[in-house]
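Participant: I am attaching a structure below and will ask some questions about it afterwards.
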Amino acid sequence: MLPPRISFPGRVDQRPPWAYSGNQPSPGSVRLKSLTYSPMKILVLGLGNPLVTDDSVGLRVAAKLQPLLADRPDVDVSEDYWGGLRLMERMVGFDRAIVIDAICTGAPPGTIHHLTPASIPTQRSTSSHDVNLPTALALGRSAGLHLPGDEHILLVGIEAEDILSFGEQCTPAVEAAIAPAVQEVLLMVARFARLGA
């Protein structure tokens, strides 16, 4: 319970509510710090090259997810074409991140892999000056940027068959993996939301 407010005749406090700081509540308000709700922010990011057959699969999954998650203000579904430092920059301000990308490990095409930042095999950059994602995250955190912890970053890697040919369609096995990948990302988003910030 707040102590009674002492008022002096003829004196009115004209400060706006945001001008009060520290433990001093604004007039007529009660601050319940333990009940403050700040929605967790989740980034869902599809990576790829839209002009190269299976390399576009991350972008295609993100495009399918956009209308399914459009009513979620806590989720941002986006697309990008770079890894390394650029990917780290895209994660700034988010509490959780799900990255969808093509991957080549030798598994059957269309296989869906679940990876962590440490196991992401590429920096998706041709620049020798760029860095891999774990290094980029470490640099960002050392600079004081708000980034998801490594345990809150998931990569959905879809095994590619052809990442060299130009084309507007994925190969059949990779195309068939898009719908299951969409469902897996939706489950990951639900799990992140359930766990809370």
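Any read-out appearing in this document is the output of simple, stated calculations on the displayed coordinates, not a laboratory observation. This is a predicted model, so every value here is computed, not measured. For neighbour counting, all protein chains shown are included, and Cβ atoms are generated from backbone atoms with ideal geometry for every residue, glycine included.
Participant: Quick check of the Kirkwood formula: for the stretch 42-195, what is the inverse mean of 1/r over all pairs of different Cα atoms, in Å?
Facilitator: Radius from the Kirkwood sum: 15.4 Å.
Participant: Also: Size of the dipole of the stretch 42-195 about the Cα centre, Lys and Arg at +1 and Asp and Glu at -1 on the beta carbon, nothing else charged, in debye to 20?
Facilitator: 400
Participant: Given the options 189, 157, 177, identify the residue whose Cα lies farthest towards the positive end of the charge dipole of the stretch 146-197 (+1 on Cβ of Lys, Arg; -1 on Cβ of Asp, Glu).
Facilitator: Checking the options against the dipole of the stretch 146-197, the answer is 189.
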